[in-house]
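The values are calculated or read from the model by the stated rules, or taken from the named source; none is laboratory data. Quick caveat, the model's predicted, so the values are computed rather than measured. FYI the Cβ positions are ideal-geometry reconstructions off the backbone, even for glycines, and counts take in every protein chain you see. Keep in mind that these areas ignore ligands, DNA and RNA; they rest on the heavy atoms of the full protein, side chains included. Shrake-Rupley method; radii C 1.70, N 1.55, O 1.52, S 1.80 Å.
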Amino acid sequence: MSNQAKYNLTEGPIFNKLLKLSVPIMATSLMQSAHNLTNMFWLGRLGEQGEQYVAAAGLAGQFLWMSFAFIMMCRIGAEIGVSQNMGRGNKEEAISFAQNGFMLSLCIGLFYSIVLIVFRVQLLSFFNIDNEYVAASAATYLSIAALAIPLNFGHTVFTGVYGGFGNTKLPFYVNSSALLLNIVLSPILIFIFNMGILGAATSMVIAAIFNFVVKIWAMTKYRNRPFENYVLFVRIAKDKIIQILKWGLPVAAESLLFALLFMLVTRLIAGFGYGAVAAHQVGMQVESLSFMIGGGFASALTAFIGQNYGAKKWGRMVSTRRVANIFMAGYGILITAVLFFLAEPLVSIFLNESDSILIGGSYLRIIALAQLLFCLEGVAIGSFRGRGITLKPTIASVSSNIIRVFVCYALANTRLGVSGVWWGIAMAMTIKSVWLLVWHYINIRKLPRVDECTS
């Protein structure tokens, strides 16, 4: 069986193929969550400095998180281009989208990395950190971790290319190996080599180098690579770059504005002390068990819908949406129960201070109420993106995140205090999810119900 037939998503049982496609991506997302939680755990074990290190890594991580806006722009653009052209049987166009997405990602990643390293102190001053040690630790962490950004850009685009092709297993194996390397190296560098927070950042860079090198080998040499002949560095094709940007810019704008607005919320939280910042960072990493899975499933669905959209399999697209909704609803119910009923025990794994544990537990219980709709939202986003519609999810996300800032600031100034911030986040999440689900339902009803190509 040829690679193209093996990874053809336009034929065969929907649930089985969707599961095979999505499980590796979601498992990789869980591994990423495990890595972040492991770093939080080890940093939290560093005695009195532990909570300060957790806060510092969380503050610096805001700027690393911002880089994912540009990473996703390149990845989504390349993934849509590959998946739709593979669905049409146009492999040469698919190769060109993969190559241009990679070139674009390296250029943007290198520029962003330089900006973070040169202006790290000025950037971190935005949070008005009242603890000099936390501020210095955050600057140290950011200066090293930023070195991994160009590598992350490149290997993430390769992950999207493999996903668009229909093969998510190999990226899963490589990503998992890199994350395991990171998880193993982190405590060794933190404790055995006494590198502290610098060790956590260094292990991240080493893992990124490994991931990047192996994925270059996989794209050019591995027997199950998407394309028989793939050249890494090619002359930029202006039309491909423009199309990648058309697809990817709405996603980038959404992620970038989300990161910027969330920085405003983080600055608000910092006003309650670095203990509140540490509790929030731990709470977010635990909550990532939900949004990393939702995002991973949306990525798989983008490729699945993309191929069927390119092949004009309208009925199959509608059936896929139904299967995906059932799957994610089940996961949403599970994660809601875990976050709500195990809130304080989960936070206490990473933090020792009782006040911080209570703050983190409050965050998880409140945010748990928004998880079911949030998981279903991933289905709508994947369906939109697979058809090349990236502006509508962006409009919903940007609008709700602007609302989030105002609501959080308003509620934080009531007797709720920092809990008002948590309620503001949960309310904004719910507004966005409802908006996207209704919009997607209306949009999907406009599609034909019978496949145009049945052969």
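Annotations
- Geometric extent, Cα atoms of the range 46-155 - Rg, Dmax (angstrom): 18.1, 59
- Computed on the Cα trace of the range 268-343, the radius of gyration divided by the Kirkwood hydrodynamic radius gives Rg/Rh = 1.19.
- The angle separating the long axis of helix 371-386 from the principal Cα axis of greatest extent in the chain is about 40 degrees.
- Aspartates and glutamates with Cα under 20 Å of LYS240, excluding same-chain neighbours fewer than 8 positions away: GLU79, GLU92, GLU93
- For the chain, Kirkwood radius (reciprocal of mean inverse C-alpha pair distance, Å): 22.2
- Above 20 Å, the calculated P(r) of the range 157-294 contains 67 percent of its Cα-Cα pairs.
- Here the spin labels are modelled as points 7 Å beyond Cα on the Cα-Cβ line, and at LEU342 and LEU416 they lie 2.7 nm apart.
- Projection of the Cα convex hull of the range 235-366, averaged over all directions and equal to a quarter of that hull's surface, yields 11.3 nm².
- Computed over the alpha-carbon atoms, the range 91-179 gives an Rg to Rh ratio of 1.14, Rh here being the Kirkwood radius from the mean inverse distance.
- Helix 91-118 axis, angle to the chain major axis (alpha carbon atoms, nearest 10°): 20
- Quotient of C-alpha Rg and 2.2 N^0.38 Å, computed over the range 340-417: 1.45
- For TYR409 and LEU257, a Förster radius of 22 Å and the Cβ-Cβ distance give a FRET efficiency of 0.85, rounded to the nearest 0.05.
- Taken about its Cα centre, the range 283-413 carries a charge dipole of roughly 1040 debye when the Cβ of each Lys and Arg holds +1 and the Cβ of each Asp and Glu holds -1.
- Summary of the geometry: the range 229-245 and the range 163-214, compared by the centres of their Cα atoms, lie 28 Å apart.
- Of the accessible area of the chain, computed with a 1.4 Å probe over protein heavy atoms only, carbon and sulfur atoms account for 67 percent.
- A simple spin-label model places the labels of ASN352 and THR220 4.9 nm from each other, with each point 7 Å out along Cα-to-Cβ.
- Structure note, pairs LYS20/LYS246; LYS17/LYS221; LYS392/LYS446: Cα-Cα distances above 19 angstrom occur for LYS20/LYS246; LYS17/LYS221.
- Å² of accessible area per residue within the chain, as computed with a 1.4 Å probe and no ligands counted: 39
- Peptide ranges 223-234, 72-83, 197-208 listed from the most packed, as the mean C-beta count within 10 angstrom indicates: 72-83, 197-208, 223-234
- A dipole drawn for the chain from +1 and -1 charges on Cβ atoms has a positive end, and of MET429, ILE444, THR394 the residue lying farthest that way is ILE444.
- In units of the rule-of-thumb radius 2.2 N^0.38 Å, the range 306-348 shows an alpha carbon radius of gyration of 1.86.
- For the range 300-450, the equivalent ellipsoid built from the Cα gyration tensor has semi-axes of 35, 18, 11 Å, listed from largest to smallest.
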